[in-house]
């Protein structure tokens, strides 16, 4: 008599438990990469002031909307690839990239032509703007793919050299050829990065077919993850959009390209201030935290007792506490220092005197925003996807609300954004705390 | 309206074998009784193909999957605190090998239906409350064993129970479980829900089979032994699993109106596993005697003794002892032919070893491996049927041989000694229809065969005993009649109840 007893052996060792360790393949770096690069680029351009306005604003819009659109794919494709990597199915990487790239490029081409096509500049400029838009979007995509296989060195070198080319060429050509020159040079550099990364991808990965659209299935499986990128990036840009279209903004290039230069500049420069701490935290996550995280899940499958599992969890909590603690202290001090000396910095950077108040507010906002980003990444590691998107949603919602309401009073400028960052961070932090407290329960009951 | 719901775990109609054939024979043998089949499997992905054509008196075949993930929520209005207390009590009992009717009743009350249902499967399997209780139990009784194994053992042992409480079991006048385990549990459930009697027939003893399987299994985690002391216990998790099946078995025994089994040895075992011996009745398997008696007289070669071995060539039948015994017999009686009747492709390695041994002992010309043939043609020619099995239930081959009056030399396993010497005094009075030997002793087996060949009078007495025994006690028609009477009895009881209830 067979009985059902025989069937029970299927649960041991396979499937259900091993899947836990998939999480480790997720990389914290990928999540913040595009944002870091965007910030650096835009800050650099704002600082090297005095050049063609249409170039500046074209860059602004290219980066803003490429982030938002690719944000829709960022997290879900990362998860899809991590799963495939875990299953040792590397063949799907290149075809998936081709598929995503096709979808995104087509979409960006259409929207780019519609949007930039209306720009009141020369035809060459408009064409280059659309090309840049598509290229930068593809750069974000390739970051995802190379990031999952942790080709960090490649990525960093490509961006460093490419950016140098971008800026150098842009300025060289810009002097003589104006806006078209700037944008041509800049696009050239970005295109160089694109070519480099493509070369790396095509040589690293083998493929048997051209396109693979199976990643689309993940939108159904992890809906929260799918819209996370979209919501978060919209949250980051929401206040800026509102400013652009309010009386604080001006038309830089007709008909629709508005910006609020003082406000925007303050935002990007402020964000620069957090980058060192962000980078440091990333490194800490990849090493210390990840080890503890892996020990926790590994310990479960290694048949530890419950008490030992709890101990492993506590080590994760300790590690995060110390990491966050360091971040709060170091970055807190830095931000404080920068806030106090903001007027001096402004003078030093040759910016107008009046704007430093805005910078101060944005410095503090950037601090909380980074906290939010870090907390979200931790949530993603533990697959707390709904919690991550709720945090991003709170951020987006409160940004829209507070900024819109605050537009009535000039003195309130920037505070809307600051409050939104703070709210988002508090919500995310609360989710992290609760998620860690319930970690054992969630780990087992999810299966 | 269905008369009898048969509850089948891992057997008829998707698995071939002795039990399935018995079920099929029972159903086809009483076309006036309406049957329902409740088949239990682990989950839907289990591969299956029908091994039998369902007879026309089968109303339905319902498949229940005990490990299926159920997501639909059910209405829950009952008292939650009482329900959780009952669950806690249940865990405590169950993981220690008990499952009292009292606890079962409470679970039944709070889990299976309106208006008292307080919890459903989603909450029972996945809620934080369940987790808390599980961890509490672990801290108290699990000390420091592997938590992941503890969790999954709990899940696999407990989930089906909760699942079954939430399932719809169709009405039947009588529930007939064909083993304990999950089938028994469903029987208990159906019986309670629809207020119909539950009866049980055990072929192999489920609890015992699981116990052996678990003890020998490699897939259940056993902590590595530290230090020099030998482990005499089976380890925390194996013990847990054995307890779980013990509990299920005992629960079924308690709820049954009557327990039936094939032979006395089984009855003893059921008693050790908690059944009340007064509730147990032996109804042996039966053979269709006419089918095994040849219509025309059979050509038996003169002056030749034919030894028959009917069965698959597999280790559990210990064919090698048989081959060695044959060698000894052939020394004394060179005019002996040996027929090995049964498939030899199930365990090819073992079969090859047997054939090599046959050759080595110089028996290649006398020993014929016939493979799967129509055994009915061969019984009438045999002078003796030999069984050297290490483990058996109630071997039908002995009974089939009796139809043609074939004496038996069998090992003392399962029902063999009962079939050879008789169980009840009247049965015993018929005289032995063969010899019983120890397991794994070619010498004893050979000596028994030689005794039979040497003494024609003894052989004739044994032949007669065999013929009478099978006709009197192992007749298929009698078996069918007994079960038919049983069904009638319980059916009527149920119908009376229904009438009384108005």
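Anything in segment B:417-450 that is out of contact with any helix residue (DSSP H, G or I) (no Cβ under 7 Å at 6 or more places or on another chain), part of a helix (DSSP H, G or I) and surrounded by 14 or more Cβ atoms within 10 Å (Cβ to Cβ)? List them, or say none.
Passing the criteria: B:417, B:420, B:444, B:447, B:448.
Looking at segment A:404-447, which of its residues are more than 14 Å from every other protein chain (Cβ to nearest Cβ), within 30 Å of residue B:125 (Cβ to Cβ) and touching a residue at least 60 places away in the same chain (Cβ under 8 Å)?
A:432, A:436
Among B:361, B:357, which is the only one that is over 30 Å from residue B:209 (Cβ atoms) and not assigned by TED's automatic domain parsing to the domain that holds residue B:209?
B:361
Answer with yes or no whether residue B:303 is more than 14 Å from chain A (Cβ to nearest Cβ), over 26 Å from residue B:412 (Cα atoms) and without any contact (Cβ under 8 Å) to a residue 40 or more places away in the chain.
Here the answer is yes, as residue B:303 does meet what is asked.
What strands (runs of 3 or more DSSP E) lie completely within segment B:268-372 and have 2 or more residues being more than 30 Å from residue B:480 (Cα to Cα)?
So the answer is B:305-310, B:336-341, B:367-371.
Condition test on residue B:239, is it at pLDDT below 90, assigned to a helix (DSSP H, G or I), surrounded by fewer than 21 Cβ atoms within 10 Å (Cβ to Cβ) and within 14 Å of chain A (Cβ to nearest Cβ)?
no
Could you check, for segment B:80-99, whether at least one of its residues is within 22 Å of residue B:198 (Cα to Cα) and within 13 Å of another protein chain (Cβ to nearest Cβ)?
Checked segment B:80-99: no residue is within 22 Å of residue B:198 (Cα to Cα) and within 13 Å of another protein chain (Cβ to nearest Cβ).
Return the residues of segment B:9-21 that are surrounded by 21 or more Cβ atoms within 10 Å (Cβ to Cβ) and either farther than 16 Å from residue B:180 by Cα or at the interface with another protein chain (Cβ under 10 Å from one of its Cβ atoms) (or both); say none if nothing qualifies.
If the condition is that a residue be surrounded by 21 or more Cβ atoms within 10 Å (Cβ to Cβ) and either farther than 16 Å from residue B:180 by Cα or at the interface with another protein chain (Cβ under 10 Å from one of its Cβ atoms) (or both), then B:9, B:10, B:11, B:13, B:19 are the ones that fit.
Which condition number in (1) at pLDDT 80 or above; (2) surrounded by fewer than 19 Cβ atoms within 10 Å (Cβ to Cβ); (3) within 11 Å of chain A (Cβ to nearest Cβ) is the one that residue B:146 fails?
Residue B:146 satisfies every listed condition except (2).
Specify the residue that is nearest to the chain's Cα centre (by Cα); the eligible residues are those in segment A:404-447 that are outside any helix (DSSP H, G or I) and buried (at least 19 other Cβ atoms within 10 Å of the Cβ).
So, considering only residues that are outside any helix (DSSP H, G or I) and buried (at least 19 other Cβ atoms within 10 Å of the Cβ), the one nearest to the chain's Cα centre (by Cα) is A:414.
All but one of (1) at pLDDT 85 or above; (2) in contact with a helix residue (DSSP H, G or I) (Cβ under 8 Å, 6 or more places away or on another chain); (3) under 21 Å from residue B:8 (Cα atoms); (4) surrounded by fewer than 23 Cβ atoms within 10 Å (Cβ to Cβ) hold for residue B:250, so report the exception by its number.
The failed condition is (2).
Could you tell me which of the residues A:90, A:60, A:81, A:85 is in contact with a strand residue (DSSP E or B) (Cβ under 7 Å, 6 or more places away or on another chain) and at pLDDT below 90?
A:60
Just checking: which of the helices (runs of 4 or more DSSP H) contained wholly in segment B:15-117 hold 2 or more residues that are in contact with a strand residue (DSSP E or B) (Cβ under 7 Å, 6 or more places away or on another chain)?
By residue number, B:18-29.
Among residues belonging to segment B:195-230 that are at negative phi, at pLDDT 90 or above and more than 11 Å from chain A (Cβ to nearest Cβ), point out the one that is surrounded by the most Cβ atoms within 10 Å (Cβ to Cβ).
So the residue we want is B:200.
Look at residue A:181 and say whether it is assigned to a helix (DSSP H, G or I), on the phi < 0 side of the Ramachandran plot, surrounded by 20 or more Cβ atoms within 10 Å (Cβ to Cβ) and free of Cβ contacts under 8 Å to residues at least 12 places away in the same chain.
For residue A:181, the condition - assigned to a helix (DSSP H, G or I), on the phi < 0 side of the Ramachandran plot, surrounded by 20 or more Cβ atoms within 10 Å (Cβ to Cβ) and free of Cβ contacts under 8 Å to residues at least 12 places away in the same chain - is met.
The values are calculated or read from the model by the stated rules, or taken from the named source; none is laboratory data. Model, not experiment: these values are computed from the prediction. Here Cβ is always computed from backbone atoms with ideal geometry, including for glycine, and neighbour counts include all displayed protein chains.
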